[in-house]
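Peer 1: Quick one: structure below, then a few questions.
The values are calculated or read from the model by the stated rules, or taken from the named source; none is laboratory data. Owing to the predicted nature of the structure, the values given are computational and were not obtained by experimental measurement. Cβ placement follows ideal geometry from the backbone for every residue including glycine, while neighbour counts extend to all protein chains displayed. Note: accessible area is taken over every heavy atom of the protein model, side chains too, but ligands, DNA and RNA are not part of it. Shrake-Rupley method; radii C 1.70, N 1.55, O 1.52, S 1.80 Å.
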Amino acid sequence: MTALRKLLNLIRDSLLNMLRHPLVSVASLTTVTLMLVLLGAFTTISLLANHSARVIAQQPPVEVWCSNELKPEESAAIEAYLEGDPNVLSWKRLTPLENYELLRAGMGESAKALDSFPFEKLQYTFQVRLVNPEEVDAFTAQIRAYPGVQNVDVAERTMRTLNSIVRVVNTATLIAFAIMCIVSLFIISNMVRISVLARSEEIAIMKYVGATKLYIRTPYVLEGALIGTAGALLAFAAIYFTYDKLYTSMVGRVVGDAQSSPFTASNMMLPLSSIAWRVLVINLALGILIGAAGSALSVRRHIQV
Amino acid sequence: MIRFENVSMSYAPEAPLALNDVSFEIEEGEFVFIIGQSGSGKSTIVKLLTCEERPNSGRILIDDLDLTRLRPGLVPYLRRSIGMVFQDFRLIPTMTVFDNVAFAMEILGESNRHIRRQVSMVLSTVGLRAREKARPDELSGGEQQRVGIARAMVNNPGMLLADEPTGNLDPATSESIMALLEEINHNGTTVIVCTHDQEMVNRMQKRVIEIADGRLVRDAHRALYSDLDNNLLDLAGGRQALDETFGSEELFAEMAAIRNGEASPSQPAEEAGAAEKERRGFTSYDFYYKRR
């Protein structure tokens, strides 16, 4: 009962602290919100960059070259595998005739040279797009094992370049994210330090009347967490409405040269529902963590008995 | 019982000793003045008693508890048994009088009902029941110090430490604050007052522990502030006169006049006491002792 009463007192104190020092509270909240808006915007940009890199990386298909005498059951086995592999985004089978037509189309005016070319000598191929292009090696190893498969053309250089772009984006995201977190923690911790300094006399009195470190620290940590939560929600709201507007105005606009191009805004941008929950979770987790940790760090020096 | 055993303490390794081999004992229920110039080491004694500082050598005991070996985690629990009164009152300006006092009980997790009852009682004792909703900046210095004393007393501590409690108050208010501390002492609480208020020490005639340059130079019961005051008292009528007219303003005024060379030691102290009694209806001696 006593412990519950103490906890309720602490929660009440943390709320009262915020009201007793409204300017410091507003300053802390503003800082947390701005930092989390920046973090949220960065999260959104990195999610979009990752998504876009992946969309681009998925474009050059992996070509599976098979025998020109591919038997129907061999073709069926390959098709079944492609259908069942979760890493296969889409696939398309091309017959020797279809490959012949493609070849002719690619040669333009010189296509006449192929008039007498026996298209039967061309191979069956499968054009495959992967969900995770970086896992192409595993895919190649699997598909090579099927009868009738002669070669797998990965367009390796393109694939490697795109893979390394995705890796760079991911690494840059992580580094920037860590830097932003440290900067946020530093700024919020300084804001809380100002708040603690404004109340250092109060803390000194608490120590003299016999308050434990935990009792002194808890309201500040709760207050930091509350400010972090409020800041996270405000930042989320700002990002949500901004992205919503941006998405609505961008989707449908052609980025490439045709409406059917994969490089349209609807392909390159993630839908709001997919972005929103991630930003909300990251903002809340960071807001609460940074608010509470920043407060705990700032108050630590002042509560030494 | 509080016991200092050969306590030495410095604030930094190379700094001079703030306390140098100090030993004394204070019995439970005593009223003690710790006097000395600024920087003499009297506040260091307070800091050592509340474990804000630790001695370099020696032992400090409260009953059987050795403060020099007390774990930091237990310090808050020690402080709950010590009431602290400060020169600058140290009230929380954003809280009401009631909340400032209640705050010390909330830390212990007491029930709201108990807090309400106890705080009201303590505020009545210090004469501030009617002002419980006021904020510190609406109170006079004396009233603020009474709130400070109420906060120090609300958890019924066994010891009250007052560091220059009248330092920011006028003489009349100081007198009422000291009367309140004495009343608390008469209820069984050990009261230790650090001060350099010479007049107050002389009026109250309590045990005096004098610290100079970190050393204990005098420990005397029913003592005056200094040896000089003892001499002046002799000139103004002697110890017997002081006992008979204890706290007489005229007597101390005469002592001050003699000290300043403005008067010769001719007026008997008894007459000063009689004049005071005629003017006020009672002497300070009556005020402090006979009314109890």
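Peer 1: Against the globular-protein guess of 2.2 N^0.38 Å, express the Cα radius of gyration of chain A as a ratio, rounded to two decimals.
Peer 2: 1.54
Peer 1: Determine Rg/Rh for the stretch B:10-119; Rg is computed over alpha-carbon atoms and Rh is the Kirkwood hydrodynamic estimate from the same atoms.
Peer 2: With Rg and the Kirkwood Rh in hand, the quotient comes to 1.01.
Peer 1: Give the interface area between chains A and B as buried accessible surface, both sides summed, probe 1.4 Å, in Å² to the nearest 100.
Peer 2: For chain A against chain B, roughly 2100 Å² becomes buried.
Peer 1: Treating only the Cβ atoms of Lys and Arg (+1) and Asp and Glu (-1) as charged, compute the dipole magnitude of the stretch B:62-138 about its Cα centre; round to the nearest 20 debye. Display every interim value, and only then the final one.
Peer 2: Details: 12 positive and 10 negative charges, 47 e Å.
Around 220 debye, computed over the stretch B:62-138.
Peer 1: Another question, if that's okay. Would you work out what percent of the accessible area of chain A, with all protein chains in place, is carbon or sulfur (probe 1.4 Å)?
Peer 2: 66 percent
Peer 1: What's the average, rounded to a whole number, of partner chain beta-carbon atoms within 10 Å of each residue's beta-carbon in A:209-221?
Peer 2: Whole-number average of other-chain Cβ neighbours for A:209-221 is 5.
Peer 1: So what is the 222 nm mean residue ellipticity for chain A from helices alone, if each DSSP H run of at least 4 adds -39500 (n - 2.57) and you divide by all residues, rounding to the nearest 500 deg cm²/dmol?
Peer 2: Helix contribution divided over all residues of chain A: -24500 deg cm²/dmol.
Peer 1: Per residue, what accessible area does chain A have, given a 1.4 Å probe and all protein chains present, in Å²?
Peer 2: With the other protein chains kept in place, chain A gives 52 Å² per residue.
Peer 1: Hey, another quick one. Considering every residue in B:102-110, what mean count of other chain Cβ atoms within 10 Å of its Cβ is obtained? Walk me through the numbers before you get to the answer.
Peer 2: On the way: counts 0, 7, 6, 1, 9, 9, 7, 10, 4.
For peptide B:102-110, the averaged partner shielding equals 6.
Peer 1: Who wins for biggest fluctuation among A:ASN170, A:ASN50, A:ASN99 in a Gaussian network model of chain A, springs between alpha carbons below 10 Å?
Peer 2: Ranking A:ASN170, A:ASN50, A:ASN99 by mean-square fluctuation puts A:ASN99 first.
Peer 1: I'd like the mean, over residues of B:78-85, of how many other protein chain beta carbons sit within 10 Å of each residue's own Cβ.
Peer 2: Per residue, the average neighbour count from other chains is 3.
Peer 1: Turning to a different aspect of this structure: Put +1 on the Cβ of each Lys and Arg and -1 on the Cβ of each Asp and Glu in the stretch B:1-90; which of B:PHE89, B:PRO16, B:PHE4 then has its Cα farthest toward the positive end of the dipole?
Peer 2: With unit charges placed on the Cβ atoms, the residue in question is B:PHE89.
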